[in-house]
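J.: What follows is a structure written as structure tokens; I'll ask about it next.
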Amino acid sequence: MTPDSLRAALRGVPDPDWLATALRRVAAEPTAITRLFPAAGRHCGRAALPDAAGWTADDAARVLLLTALPSDHVAHADALYRHGDAAERRAVLRALPLLPIGAAGVPLLHDAIRTNDTRLVAAALGPYARHLDPAAWRQAVLKCVFSGVPLAVVADLDTRADEELGVMLAALAAERYAAGRVLPADATDLLDRLTARTPTEA
């Protein structure tokens with residue numbers, strides 16, 4: 001999603017004037033985001049957005065607030081994440097690929113992946129996860145399998161999945177088989193695709 005597409009999806013929010021004013025306020029007075037970011041759910045609602053699959057109104061509004069900042073994106077994102085509730089943390093994670101911060105937000109991904117909150121794990125594996133190194137990314141994919149996060153949320157899965165991930169998934173499948181359990185269907189499908197590759201394709 002882009003800021004423009006999120007704005008379009010938010011046209012029907014309960015209080016569009018509040019959001020427009022909040023965006024202008026943040027652009028002119030960046031510290032105001034500390035107050036406005038948590039208030040987005042109350043003013044914009046938390047309903048799913050029909051024109052933005054997988055997004056809620058509060059998610060989108062908070063992402064727009066972060067993109068409206070004129071500077072210091074990393075510092076504000078870090079503070080809002082560290083002091084926010086789960087919904088606010090998820091919005092920070094979803095904003096990362098839209099912010100001019102390079103790989104500076106990677107520590108937030110590591111923190112999210114360590115949690116047991118599947119919403120945060122899923123958000124951390126979005127487009128910004130391209131900044132995770134291969135080893136950390138593979139572990140994050142395994143965390144999805146362990147915690148029941150659908151692999152469909154993992155950005156660039158087909159292009160980043162490699163032979164090493166296949167080895168890790170095969171080991172997990174063997175452990176589960178020994179315990180009378182199986183991998184989720186999407187993980188089994190991924191393992192099948194990886195093991196079907198020729199050595200030159202892996």
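The values are calculated or read from the model by the stated rules, or taken from the named source; none is laboratory data. Everything numeric here is computed off the predicted structure, so don't read it as measured data. Quick reminder, even Gly has a Cβ in these numbers, built from the backbone with ideal geometry, and neighbours come from all protein chains shown. SASA here: full protein model, heavy atoms, side chains in, ligands and nucleic acids out. Shrake-Rupley method; radii C 1.70, N 1.55, O 1.52, S 1.80 Å.
J.: So between residue 8 and residue 119, what do we pick up on full extension, going 0.36 nm a residue minus the alpha carbon distance?
T.: 37.6 nm
J.: Next question, about the same structure. Residue 55's amide H: which non-local residues (gap 5+, or another chain) put their own amide H closer than 5 Å, with H modeled 1.01 Å from N in plane and none for Pro or chain starts?
T.: Placed amide hydrogens put 49 under 5 Å from residue 55.
J.: Under 17 Å from a point 7 Å along the Cα-to-Cβ line of residue 192: which residues of the stretch 137-157 have their amide N that close?
T.: 151-152
J.: What accessible area per residue comes out for the stretch 5-117, rounded to a whole number of Å², with a 1.4 Å probe?
T.: For the stretch 5-117, the per-residue accessible area is 46 Å².
J.: Follow-up question, since we're still on this one. Assuming 0.36 nm per residue, please report the length gained on full extension of the stretch residue 83 to residue 167 beyond their Cα-Cα distance.
T.: 26.5 nm
J.: Out of (1) 0.99; (2) 0.95; (3) 1.04, which label holds the value of Rg/Rh (Cα atoms, Kirkwood Rh) that was computed here?
T.: Computed from these coordinates, Rg/Rh (Cα atoms, Kirkwood Rh) corresponds to label (3).
J.: If one takes the longest principal axis of the Cα atoms in the chain, at what angle in degrees, from 0 to 90 and to the nearest 10, does the Cα axis of helix 185-196 lie?
T.: Helix 185-196 sits roughly 60 degrees off the main axis of the chain.
J.: Would you tally the net charge around residue 89, using a Cβ to Cβ cut-off of less than 9 Å, leaving residue 89 out, and scoring K and R as +1, D and E as -1?
T.: Charge balance in the 9 Å sphere: -1.
J.: Could you derive backbone 3J(HN,Hα) for the stretch 107-117 from the dihedral phi with the Karplus parameters 6.51, -1.76 and 1.60 (θ = phi - 60°), listing whole Hz in sequence and x where the residue is Gly or Pro?
T.: x, 5, 4, 4, 5, 4, 5, 6, 6, 9, 8
J.: So what's the net charge close to residue 33: Lys and Arg +1, Asp and Glu -1, counting the other residues with Cβ under 13 Å from its Cβ?
T.: Surrounding charge for residue 33 is 0.
J.: Which order do peptides 3-16, 104-117 fall in by mean Cβ count within 10 Å, highest first?
T.: Packing proxy ranking, top to bottom: 104-117, 3-16.
J.: Binning at 10 Å from 0, report for the stretch 78-164 what percent of all alpha-carbon pair distances ends up in each bin.
T.: 18, 55, 24, 2
J.: State the percentage of accessible surface on the chain attributable to carbon and sulfur atoms; use a 1.4 Å probe and exclude ligands, DNA and RNA. Let's see the in-between values first.
T.: Working: 5500 of 9990 Å².
Carbon and sulfur: 55 percent of the exposed surface of the chain.
J.: Cα axis of helix 73-83 to longest principal axis of the chain: angle in degrees, 0 to 90, nearest 10?
T.: 80 degrees
J.: Pick from 185, 39, 123: which residue has the top mean-square fluctuation in a GNM of the chain where Cα pairs under 10 Å get a spring?
T.: 185
J.: I've got another one for you. Relative to the longest principal axis of the chain, what angle (0 to 90°, nearest 10) does the C-alpha long axis of helix 86-95 take?
T.: The helix 86-95 is inclined about 90 degrees to the chain.
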